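Note sheet for the following structure.
The values are calculated or read from the model by the stated rules, or taken from the named source; none is laboratory data. The structure presented is a predicted model; accordingly, all values stated were derived computationally and were not measured. FYI the Cβ positions are ideal-geometry reconstructions off the backbone, even for glycines, and counts take in every protein chain you see.
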Amino acid sequence: MDRPMSGLEFRFMALGYKLRDYFKPREDVLREVDIVPGSKILDFGCGPGSYTVIAAERTGTTGKVYALDIHPVALQMVRSSASKRGLKNIETIQSDCATGLQNSSIDLVLMYDIFHGLSEPNAVLEEIHRVLKPGGTLSFSDHHMKKDEIIARITKTGLFRMSERGKNTISFSKAG
């Protein structure tokens, strides 16, 4: 589906994320999401792992965070961050859509600032719907899109319905 950027481009982008994270910590975004110990989380389009590491710390040793990205450098950065922090509950997945996860196995999907660039967004939403447990949450944010556009695009598939609108994120619950 999507083609990854070069390693140099990705590293430059990741440097920009570090600067962003300094001025606007990712913890502020994740405060809007209910992450409890033992949660199974998919960080879809994890990039260098700004959210992945925080989610892994919050879900604890009984939980699991799957960090999915198309770019091998992103996954290398996630593994490095996890190792430095002694986190053993992160598993990386290199893919642009298919997760390889079991049906209805995930409590929470984080999808932040990735949707606008997907070549096949409906296929991605179908995959997220497949792996999300009944009652599970899709936490969504994309600063390239207006909130009303996000709600319309995610709910028009019939796979999700909006459940909460926060300052930084919009939460959707699995429909059907």
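List every residue pair whose Cβ atoms lie under 8 Å apart, where the two residues are 6 or more positions apart in sequence or sit on different chains, the first residue falls within segment 152-163 and is in contact (Cβ under 8 Å) with a residue 24 or more places away in the chain, and the second residue, located anywhere, is part of a loop (DSSP other than H, G, I, E, B).
Arg153/Met145; Leu159/Ala175; Leu159/Gly176; Phe160/Ala175
Considering each of Leu118, Leu108 in turn, give the residue that is hydrophobic (A, V, I, L, M, F, W, C), closer than 22 Å to Asp69 by Cβ and modelled with pLDDT under 95. So that I can check it myself, show each step before the final result.
Working: Leu108 fails: modelled with pLDDT under 95.
After applying the criteria, what remains is Leu118.
From the list Glu57, Glu32, which residue is part of a helix (DSSP H, G or I), over 12 Å from the mean Cα position of the chain (by Cα) and surrounded by fewer than 23 Cβ atoms within 10 Å (Cβ to Cβ)?
The match here is Glu57.
If you take the residues in segment 127-143 that are touching a residue at least 40 places away in the same chain (Cβ under 8 Å) and among the small types (Gly, Ala, Ser), which one is nearest to Phe160 (Cα to Cα)?
Ser139
At least 1 residues that are under 14 Å from the mean Cα position of the chain (by Cα) in each: list the strands (runs of 3 or more DSSP E) lying fully within segment 91-176 that qualify.
Hits in segment 91-176: 106-112, 132-141, 170-174.
Checking the structure you have, find out if any residue of segment 77-90 is within 16 Å of the chain's Cα centre (by Cα), closer than 25 Å to Lys133 by Cα and either at pLDDT below 95 or outside any helix (DSSP H, G or I) (or both).
yes
Look at Arg130 and say whether it is over 17 Å from Leu42 (Cβ atoms), at pLDDT 95 or above and of a type in the set (Lys, Arg).
Working: over 17 Å from Leu42 (Cβ atoms): no; at pLDDT 95 or above: yes; of a type in the set (Lys, Arg): yes.
So Arg130 fails the test.
Filtering segment 130-174 down to residues that are within 20 Å of Ile35 (Cα to Cα) and among the small types (Gly, Ala, Ser), which residue is surrounded by the fewest Cβ atoms within 10 Å (Cβ to Cβ)?
Once the filter is applied, the top-ranked residue is Gly135.
If you scan segment 23-38, which residues turn out to be closer than 17 Å to Asp142 by Cβ and modelled with pLDDT of 80 or more? Give the steps one after another, and end with the answer.
Narrowing segment 23-38 to residues closer than 17 Å to Asp142 by Cβ: 24, 26, 28-30, 32-33.
Across segment 23-38, the qualifying residues are Asp28, Val29, Leu30, Glu32, Val33.
Just the residues that are in contact with a helix residue (DSSP H, G or I) (Cβ under 9 Å, 6 or more places away or on another chain) and either surrounded by 21 or more Cβ atoms within 10 Å (Cβ to Cβ) or without any contact (Cβ under 8 Å) to a residue 40 or more places away in the chain (or both), please, taken from segment 96-106. Write out each step before concluding.
So in segment 96-106, the residues in contact with a helix residue (DSSP H, G or I) (Cβ under 9 Å, 6 or more places away or on another chain) come out as 96-99, 101-106.
Result: Ala98, Gln102, Asn103, Ser104, Ile106.
Across segment 60-76, what is the total count of residues that are in a loop (DSSP other than H, G, I, E, B) and among the charged types (D, E, K, R)?
0
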